[in-house]
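Student: Please see the structure below; I have some questions.
The values are calculated or read from the model by the stated rules, or taken from the named source; none is laboratory data. All values reported here derive from a predicted model rather than from experimental measurement. For neighbour counting, all protein chains shown are included, and Cβ atoms are generated from backbone atoms with ideal geometry for every residue, glycine included.
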Number of protein chains: 2
Amino acid sequence: MTDIRFALAQIDTCVGDLDGNADKVLQYARIAASNHARVVAFPEMTLTGYPIEDLALRATFRTAAWNKANWLATELEADGLGDLFVVVGTVGTDREHGKPLNRLVVLHDGVVWAGYDKHFLPNYGVFDEFRIFTPGNKSVVLDIDGVNVGVAICEDIWQDGGPVAELAERGIDVLLTINGSPYEEGKTDTRLALAQRRAAEVGAPLIYVNQVGGQDDLVFDGGSFVVDADGTLLERSPMFMENLSYINLNTAADKQLASTIVDKLDPDEEVYTACVLGLKDYMAKNHFTGVTLGLSGGIDSALVAAMAADACGGGNVHGISMPSMYSSDGSKDDAADLAENLGAHYDIQPIEPLFTAYQHQLHLDGVAAENLQARIRGVIVMAYSNSKGLLAVATGNKSELACGYSTIYGDAVGGYAPIKDLLKTRVWELSRWRNRAAAEGMGIGGLKIVGNEQGGAGVPLKNGVMIPVNSIEKAPSAELRPGQKDSDSLPEYALLDKVLAAYIEKAHGRADLLADGFDEATVDTVMRLVDRAEWKRRQYPLGPKVTALAFGRDRRLPITSAFRE
Amino acid sequence: MTDIRFALAQIDTCVGDLDGNADKVLQYARIAASNHARVVAFPEMTLTGYPIEDLALRATFRTAAWNKANWLATELEADGLGDLFVVVGTVGTDREHGKPLNRLVVLHDGVVWAGYDKHFLPNYGVFDEFRIFTPGNKSVVLDIDGVNVGVAICEDIWQDGGPVAELAERGIDVLLTINGSPYEEGKTDTRLALAQRRAAEVGAPLIYVNQVGGQDDLVFDGGSFVVDADGTLLERSPMFMENLSYINLNTAADKQLASTIVDKLDPDEEVYTACVLGLKDYMAKNHFTGVTLGLSGGIDSALVAAMAADACGGGNVHGISMPSMYSSDGSKDDAADLAENLGAHYDIQPIEPLFTAYQHQLHLDGVAAENLQARIRGVIVMAYSNSKGLLAVATGNKSELACGYSTIYGDAVGGYAPIKDLLKTRVWELSRWRNRAAAEGMGIGGLKIVGNEQGGAGVPLKNGVMIPVNSIEKAPSAELRPGQKDSDSLPEYALLDKVLAAYIEKAHGRADLLADGFDEATVDTVMRLVDRAEWKRRQYPLGPKVTALAFGRDRRLPITSAFRE
């Protein structure tokens, strides 16, 4: 078998941006060719972006994607790259039923030279592929200079049987997989173990090219890699950034080692960076350059502000302190110190005059009066958003969202919620990690970090720390009535987060939770809170469906999409 | 073949309410038995309610449902009904993989006597069944007194092949189908034509029992029916109400005609009633007894107020007039007249003092200042909701929601939006119909109508009409700046609604819309507005997913659910 060089092009695409995605392919293909790659592989659904959800159902979109693939093949040849094998993902159309396909195509010699359709269509968790695509049913082996390259798309290698089993029977020299595999904590090891198993099954090296970047509520971590048939890790690309790496197969061992194997990230750094990249890409793809948020002096808004500063620069963060009659002086000072450390804009908008004006008409008490304060703050944040063109970021964490411990249209206001999938105990951990990163001058997964050793304005950090220690250590409080503490309404977070993890992540029911060792009172409290909070999390108004196609559940378009045909 | 009497029990279940649903089965089974039914059939997933979404994935829920089916079989026998064949839907568990099944069971002789698992699992539009259930693969024929009863569940008859094709080969005397088929305009005729085709295919009568009632954003219309093998309609139950009807098969023609065939509803009445029932059931199943909403004097809030009064009685509707400096006197008068006609509570909360208080701090102009007015109103509506325990209903229609012509956290505030699937032109049509209904003393699909001839307070209708004519006829305006008209920002609704129908309902792309005959400027305006409005419709904050199971797309629980285990 011939010596062959593959390039792994780990790129960040944008859903619907056919032009931008194709241009990026062209640019990476040029570099790959100049580095003597024979094959350059891009992630799943490269041209269309991923996931495209119901955009796949629009015929004009599929036509435009098909035209773009042909344009790209022509353009590559015109560029002198017709000899290169360029493997990209796109959307296809099933000839028999006219339904969408999740397709891999090979561009070569100025044409769309070969195609393969994804066989296993995931339809669990965040995936809705069986809903929109028709499954392919043929395995495909490419003959490239006599090297037999089997191909597969993402879920195809996660399920037993199907195309990988067929390829194992047909006999291949290398298994090339293109992926749109969203980030999850700890998934690096899971993917590696899976790839090792499949490489052994087909008796050949496996190349895993993954997408990178944020798309709506998903973050793709990249981390592309190559394993040998015996399971040896031959290459690993960095996470959370675009990257082009190379692997020479069927060459002497010393040549193979020319590939890079990056270290895995620290778990806190990994999660923090995922959150920052999600926000950064959501802003970029929706054309926001700055954010606004309420800065209460509490840990949630502090961590979100730090993430926002890392995503778009401290000077593009507009923090608003909105003290009420119940806000402590310490909270106000902590918010101001953090803003200074980040080099962020910082305004003070007291809510007491507004609260008084409402109460003059409404005379509220109890929870209604507490919610009123949170909603006045929501109105102010949205006023900043509207008048300055800033993205409002919400600061709620997973523990409080799960329990409904937030005010709908109040502190829940915002277009993006960077920590909505972090339990409160994790918020504290990441805040401590962020302070260490600032103190020790660490980078953040390749992203530029704000305030290493010095504040954003170039002055030393207040008290020598980025996020004020008091924000991390004080007892959490919504400060909506005198002396209020989260623990008045919720179990202590150390316990609550464990119950939430079991109830939500593992779908444990009441009997399971008791068997897990949690006490009955806590279990009943948490289940009641979580079950009642569902409508708050899905706060868009429900309404009856009376036509064939309504908004809401039966129409699922990506929020971020550049497609306008 | 023996003479056999079937009862069609068209009931309104509640998701997760195993006790309540089972009690209702018991109650209807008793009546059916007392009327000499041999078989009584209930809708799809009777015991669990439908659709149960990811609740199906919780093992303790499936266990509880199984226990409830057994309890019910025992209870029926103890009640002297062991001889009756009671056909109910529930959730099952696949023995091989432990995955959920959408199951039909027959309760008889004190036991769960037979079972059938749904074969075709719809996964389009509002349906997510392939995502949560494992398909069954066996057709089932029940031998009841020598009569061969083939069974199927909902989607099984919408697809070619599968169990119906098998039953046609096996030969059956009757095809019994249990359904959870959501309402759509005009679906009565579609279902009938389909049933006629399947009845011909199996060469036997087809019994179609459908669920009735609202569940989150779905409304089930009932409308159960029976067609003979030759396509003759033998029975049709009313829409939008619980009902128990009977059909004698294999008896003389004169006996068959003892069944009732209700007339179809007027199309406007049908849609109006669907909206009212959706709201009414959402309130009942979430324990709300009253609603609150802003009454602007415009047609959207007027129609929603009328629907709310029909759902819960005018005395349980709390309308709030929230005039600004830009509100016309006519609008205020129209709102007051409507409230009086409906017998609704009516408060006036001017927003100018609040607007001034905010502006003292924020100094907004343009759209930011317009949104501020809408958001102050949102805060007031939510204050009424929180302090009085009322459901806030949103008044947005499909045209404005589609185009993003509303203020997030402002007029879009609310837990339920009764007209969110009605285009603006339909809002006008239904308002005119509602006025005719009031004037002519019509009932509304079996629901109690508020204000026939007289206002809710027993006084004559203002100017002799329920919804003020001016609300229907004046040019639509958000009244957020002097002289503002919807047509400043949007195409005229008569045109806009046609483009929206083509773009949204038919997924027509730009080229298709031009081919439909719409002019280029309008097409580009509408596409730009609709594409940008997606995030407003899905206004819950997005956030990155970093754990195996986050909120949002990868966890889909019903909002209304009575299950607490």
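Student: Please work out which one of (1) closer than 23 Å to B:Lys506 by Cβ; (2) in contact (Cβ under 8 Å) with a residue 12 or more places away in the chain is the condition A:Thr63 fails and give its number.
Tutor: In the conditions (1) closer than 23 Å to B:Lys506 by Cβ; (2) in contact (Cβ under 8 Å) with a residue 12 or more places away in the chain, A:Thr63 misses (2) alone.
Student: A further question on this structure: Is it the case, given these coordinates, that A:Gly389 is of a type in the set (Gly, Ala, Ser), over 23 Å from A:Tyr326 (Cβ atoms) and out of contact with any Gly (no Cβ under 7 Å at 6 or more places or on another chain)?
Tutor: yes
Student: While we're looking at this one, here's another question. Just name the residue that is surrounded by the most Cβ atoms within 10 Å (Cβ to Cβ) out of those in the range A:512-545 that are within 25 Å of the chain's Cα centre (by Cα) and assigned to a helix (DSSP H, G or I).
Tutor: Applying the filter and picking the extreme gives A:Arg537.
Student: Out of curiosity, is A:Val164 in the same structural domain as A:Pro100 (by TED's automatic domain parsing) and touching a residue at least 60 places away in the same chain (Cβ under 8 Å)?
Tutor: The answer is no for A:Val164.
Student: Of all the residues that make up the range A:512-565, how many are touching a strand residue (DSSP E or B) at 6+ places or on another chain (Cβ under 8 Å), modelled with pLDDT of 70 or more and small (Gly, Ala, Ser)?
Tutor: Count: 1.
Student: Taking the range B:408-432 only, how many residues are closer than 19 Å to B:Leu338 by Cα, in a helix (DSSP H, G or I), within 14 Å of another protein chain (Cβ to nearest Cβ) and of a type outside the set (D, E, K, R)?
Tutor: The number of residues fulfilling the criteria is 2.
Student: Does A:Asp216 qualify as being within 14 Å of chain B (Cβ to nearest Cβ), under 30 Å from A:Pro558 (Cβ atoms), at pLDDT below 95 and in contact with a helix residue (DSSP H, G or I) (Cβ under 9 Å, 6 or more places away or on another chain)?
Tutor: Yes; evaluated as a whole, the condition is true for this residue.
Student: Identify, by number, the condition in (1) surrounded by 20 or more Cβ atoms within 10 Å (Cβ to Cβ); (2) in contact with a Leu (Cβ under 7 Å, 6 or more places away or on another chain); (3) of a type in the set (A, V, I, L, M, F, W, C); (4) within 9 Å of chain B (Cβ to nearest Cβ) that A:Leu364 doesn't meet.
Tutor: (1)
Student: A follow-up question, please. Could you tell me whether A:Gly509 is crowded, with 17+ Cβ neighbours inside 10 Å, in contact with a strand residue (DSSP E or B) (Cβ under 8 Å, 6 or more places away or on another chain) and either at pLDDT 70 or above or among the hydroxyl-bearing types (Ser, Thr, Tyr) (or both)?
Tutor: Against the criterion (crowded, with 17+ Cβ neighbours inside 10 Å, in contact with a strand residue (DSSP E or B) (Cβ under 8 Å, 6 or more places away or on another chain) and either at pLDDT 70 or above or among the hydroxyl-bearing types (Ser, Thr, Tyr) (or both)), A:Gly509 does not qualify.
Student: I'd like the residue in the range B:493-506 that is at pLDDT below 95 and within 29 Å of B:Glu473 (Cα to Cα) and, out of all such residues, is surrounded by the most Cβ atoms within 10 Å (Cβ to Cβ).
Tutor: Result: B:Tyr503.
Student: Oh, and also: What pairs come up if the first residue lies in the range A:116-136 and is closer than 15 Å to A:Ala56 by Cβ and facing another protein chain (nearest Cβ under 8 Å), the second is among the hydrophobic types (A, V, I, L, M, F, W, C) and not in a loop (DSSP other than H, G, I, E, B), and their beta carbons are under 9 Å apart, counting only those six or more places apart or on different chains?
Tutor: So the pair list comes out as A:Asn123/A:Phe130; A:Asn123/B:Phe130; A:Phe130/B:Phe130; A:Arg131/B:Phe130.
Student: Based on what the data block shows, is B:Ala357 of a type in the set (A, V, I, L, M, F, W, C), closer than 22 Å to B:Thr292 by Cα and facing another protein chain (nearest Cβ under 7 Å)?
Tutor: no
Student: Here's a follow-up. Quick check: anything in the range B:140-150 touching a residue at least 12 places away in the same chain (Cβ under 8 Å) and crowded, with 23+ Cβ neighbours inside 10 Å?
Tutor: Checked the range B:140-150: at least one residue is touching a residue at least 12 places away in the same chain (Cβ under 8 Å) and crowded, with 23+ Cβ neighbours inside 10 Å.
Student: Aliphatic (A, V, I, L, M) and under 27 Å from B:Val526 (Cβ atoms): which single residue out of B:Ala394, B:Ala383 fits that description?
Tutor: B:Ala394
Student: Do the conditions hold for B:Leu76, that is, is it aliphatic (A, V, I, L, M), in contact with a helix residue (DSSP H, G or I) (Cβ under 7 Å, 6 or more places away or on another chain) and surrounded by 20 or more Cβ atoms within 10 Å (Cβ to Cβ)?
Tutor: Considered against the rule, which asks whether it is aliphatic (A, V, I, L, M), in contact with a helix residue (DSSP H, G or I) (Cβ under 7 Å, 6 or more places away or on another chain) and surrounded by 20 or more Cβ atoms within 10 Å (Cβ to Cβ), B:Leu76 comes out as yes.
Student: Inside the range A:144-166, can you point out the residues that are within 21 Å of A:Leu8 (Cβ to Cβ) and over 32 Å from the mean Cα position of the chain (by Cα)?
Tutor: Once the filter is applied, which keeps residues that are within 21 Å of A:Leu8 (Cβ to Cβ) and over 32 Å from the mean Cα position of the chain (by Cα), the range A:144-166 yields A:Ile144, A:Asp145, A:Val147, A:Asn148.
Student: Oh, and also: Could you run through the range B:378-406 and say how many residues are more than 9 Å from chain A (Cβ to nearest Cβ) and either in a loop (DSSP other than H, G, I, E, B) or over 30 Å from A:Gln359 (Cα atoms) (or both)?
Tutor: Qualifying residue count, the range B:378-406: 10.
Student: For the subset of the range A:1-18 comprising residues that are assigned to a loop (DSSP other than H, G, I, E, B) and within 27 Å of the chain's Cα centre (by Cα), which member is farthest from A:Leu55 (Cα to Cα)?
Tutor: The qualifying residue farthest from A:Leu55 (Cα to Cα) is A:Ile11.
Student: Go over the candidates B:Ile178, B:Ile207 one by one and state the one that is in contact with a Cys (Cβ under 9 Å, 6 or more places away or on another chain), in contact (Cβ under 8 Å) with a residue 60 or more places away in the chain and surrounded by 24 or more Cβ atoms within 10 Å (Cβ to Cβ).
Tutor: B:Ile178
Student: Something else about it: So which residues in the range B:38-73 are at positive phi and surrounded by 23 or more Cβ atoms within 10 Å (Cβ to Cβ)?
Tutor: Across the range B:38-73, the qualifying residues are B:Met45, B:Gly49.
Student: Which of the numbered conditions does A:Leu244 fail, given that it passes all the others? Conditions: (1) buried (at least 24 other Cβ atoms within 10 Å of the Cβ); (2) of a type in the set (A, V, I, L, M, F, W, C); (3) part of a strand (DSSP E or B).
Tutor: All conditions are met except number (1).
Student: Which residue, of A:Asp337, A:Asp329, A:Asp347, is without any contact (Cβ under 8 Å) to a residue 12 or more places away in the chain and more than 8 Å from every other protein chain (Cβ to nearest Cβ)?
Tutor: Selected residue: A:Asp329, the only one of A:Asp337, A:Asp329, A:Asp347 that is without any contact (Cβ under 8 Å) to a residue 12 or more places away in the chain and more than 8 Å from every other protein chain (Cβ to nearest Cβ).
Student: Read through the list (1) surrounded by fewer than 24 Cβ atoms within 10 Å (Cβ to Cβ); (2) within 14 Å of chain A (Cβ to nearest Cβ); (3) assigned to a helix (DSSP H, G or I), then give the number of the only condition that B:Asp310 fails.
Tutor: Status for B:Asp310: all satisfied but (1).
Student: Can you find a residue in the range A:19-32 that is away from chain B (no Cβ under 14 Å), buried (at least 23 other Cβ atoms within 10 Å of the Cβ), of a type in the set (D, E, K, R) and not in a strand (DSSP E or B)?
Tutor: No, the conditions are met nowhere in the range A:19-32.
Student: All but one of (1) more than 9 Å from chain B (Cβ to nearest Cβ); (2) out of contact with any His (no Cβ under 8 Å at 6 or more places or on another chain); (3) surrounded by 23 or more Cβ atoms within 10 Å (Cβ to Cβ) hold for A:Thr292, so report the exception by its number.
Tutor: Evaluating A:Thr292 over (1) more than 9 Å from chain B (Cβ to nearest Cβ); (2) out of contact with any His (no Cβ under 8 Å at 6 or more places or on another chain); (3) surrounded by 23 or more Cβ atoms within 10 Å (Cβ to Cβ) leaves (2) as the failure.
Student: Say we look at the range B:92-137 and pick out the residues that are within 24 Å of A:Phe120 (Cα to Cα) and among the basic types (Lys, Arg); which of these is surrounded by the fewest Cβ atoms within 10 Å (Cβ to Cβ)?
Tutor: Checked the range B:92-137; the qualifying residue surrounded by the fewest Cβ atoms within 10 Å (Cβ to Cβ) is B:Arg95.
Student: Then there's this: Go through A:Asp221, A:Asp263 for me and flag whichever is in contact (Cβ under 8 Å) with a residue 24 or more places away in the chain and either among the acidic types (Asp, Glu) or within 12 Å of chain B (Cβ to nearest Cβ) (or both).
Tutor: A:Asp221
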